[in-house]
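Trainee: Mind looking over this structure? Questions follow.
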Amino acid sequence: MNKTPAIGVFDSGFGGLTVLRALLSHIPSARYAFLGDTARLPYGSKSRRTIARYAAESAQFLVREQGAEFLVIACNTASALALDAIQDAVPVPVLGVIEPGAASARAASQSGDVLVIATDATVQSHAYATACRSQGLRALEKACPLLVPLVEEGWTQHPVTAEVFRIYLDELLHQAAAEGMSPDTLVLGCTHYPLLRPMIEKAVPAGMRVIDSAEATAEAAAKLFHPHESVERSPAAQISCFATDSVEKFERLGSRFLERPVGHVELIDLGG
Ligand code: DGL
């Protein structure tokens, strides 16, 4: 694999910038094209067929128009429901976030029981439960649909968001207890949730590990590229951002996800 690859990173919105942020620290020398399909967000409440069509079109833009040689599907929902469709649509390697997230949960969990929070569509696909099972883990999944709009609103430290999360977590812990599980790990199965990490870490029972699939995915991508190259000696990354709508909001809020200014975001049209 090339030492300074062109990497396409795709998400339904700009939450996937948390994955780009993690990629930048693991593969700082790459040329990145990030696409947020903000016109068609949220994917998490849509059907498999629609998610697959949107995701395949987005992947084709990154490969055909931006020359991406490798794709990271930073969206959990697209990774859960459309990874096959994306692989069929483009002639480059494609990495999703589900398998790395499950592998990371395996490394973290002592009890073998894990909790997963994600969008409705991701939970209904049971992609995390399947990936966790293949790692020898038992997973209990819960959809937390109110968290994405709260993060999009920028309410990452708001008491309303903390209360909403507490309610979801209580329901999940009760269900786990009713099923005789002893979960010790919580997987953040949605691009937006890492922004709530400080709040989530305060709310979970003492000792529970919180797993961010963004970090695990970046580590998996880095192993494919330059496993022996020192990060310090690498030249700076180049980043181009594209969105299908809400460019101003992307520029304004995206820096929170990326933890650096996103710069100019180009508006593109992928059709309806
Ligand atoms: N990017 C989606 C995910 O990680 C969350 C936002 C959406 O529903 O489109 O599942």
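Trainee: Can you tell me which residues in the range 102-114 are in contact with an Asp or Glu (Cβ under 8 Å, 6 or more places away or on another chain) and closer than 20 Å to His192 by Cα?
Mentor: Ser104, Val114
Trainee: If you don't mind, there's one more thing I want to ask. Please return the ranges of strands (runs of 3 or more DSSP E) entirely within the range 170-272 where 2 or more residues are open to solvent by less than 10 Å² (accessible area, probe 1.4 Å) and under 27 Å from Thr50 (Cα atoms). Explain how you work it out, then say what you get.
Mentor: Numbers: elements: 185-189, 209-212, 238-243, 265-267.
Hits in the range 170-272: 185-189, 238-243.
Trainee: Applying the selection to the range 8-40, what residues are open to solvent by 30 Å² or more (accessible area, probe 1.4 Å) and under 14 Å from the mean Cα position of the chain (by Cα)?
Mentor: Let us first name the residues in the range 8-40 that are open to solvent by 30 Å² or more (accessible area, probe 1.4 Å), namely 21, 25-26, 31, 39.
Residue satisfying the conditions is Arg21 alone.
Trainee: Would a scan of the range 45-57 turn up a residue that is touching a Phe, Trp or Tyr at 6+ places or on another chain (Cβ under 7 Å) and either away from the ligand (no atom under 13 Å from the Cβ) or assigned to a loop (DSSP other than H, G, I, E, B) (or both)?
Mentor: No: zero hits.
Trainee: Let me ask you something else. Please identify the pairs in which a residue from the range 71-82 that is closer than 15 Å to Ser47 by Cα has its Cβ atom under 8 Å from the Cβ atom of a residue that is assigned to a helix (DSSP H, G or I) and within 8 Å of the ligand (Cβ to nearest atom), counting only partners at least 6 apart or on another chain.
Mentor: Between residues of the range 71-82 that are closer than 15 Å to Ser47 by Cα and residues that are assigned to a helix (DSSP H, G or I) and within 8 Å of the ligand (Cβ to nearest atom), the close pairs are Asn76/Thr122; Thr77/Ala121; Thr77/Thr122; Ala80/Ala121; Ala80/Thr122; Leu81/Ala121; Leu81/Thr122.
Trainee: When residues of the range 3-42 are filtered for being small (Gly, Ala, Ser), within 14 Å of the ligand (Cβ to nearest atom) and in a loop (DSSP other than H, G, I, E, B), how many remain? Full working, then the answer.
Mentor: Let us first name the residues in the range 3-42 that are small (Gly, Ala, Ser), namely 6, 8, 12-13, 15-16, 22, 25, 29-30, 33, 36, 39.
Subset that is within 14 Å of the ligand (Cβ to nearest atom): 12-13, 15-16, 22, 36, 39.
Next, only the ones that are in a loop (DSSP other than H, G, I, E, B) stay: 12-13, 15-16, 39.
Looking only at that region, the number is 5.
Every residue, every condition in (1) out of contact with any helix residue (DSSP H, G or I) (no Cβ under 9 Å at 6 or more places or on another chain); (2) closer than 16 Å to Leu81 by Cα; (3) free of Cβ contacts under 8 Å to residues at least 40 places away in the same chain, yes or no:
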position	(1), (2), (3)
Leu95	no, yes, no
Glu99	no, yes, no
Leu115	no, no, no
Ser125	no, yes, no
Gln135	no, no, yes
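Trainee: For the range 70-121, which positions are under 30 Å from Gly207 (Cβ atoms), within 16 Å of the ligand (Cβ to nearest atom), small (Gly, Ala, Ser) and surrounded by fewer than 24 Cβ atoms within 10 Å (Cβ to Cβ)?
Mentor: If the condition is that a residue be under 30 Å from Gly207 (Cβ atoms), within 16 Å of the ligand (Cβ to nearest atom), small (Gly, Ala, Ser) and surrounded by fewer than 24 Cβ atoms within 10 Å (Cβ to Cβ), then Ser104 is the only one that fits.
The values are calculated or read from the model by the stated rules, or taken from the named source; none is laboratory data. Model, not experiment: these values are computed from the prediction. Cβ sites come from the backbone with ideal geometry, for glycine too, and all protein chains shown count toward neighbours. We work out accessible area using only protein heavy atoms, side chains counted, and drop any ligands, DNA or RNA first. Shrake-Rupley method; radii C 1.70, N 1.55, O 1.52, S 1.80 Å.
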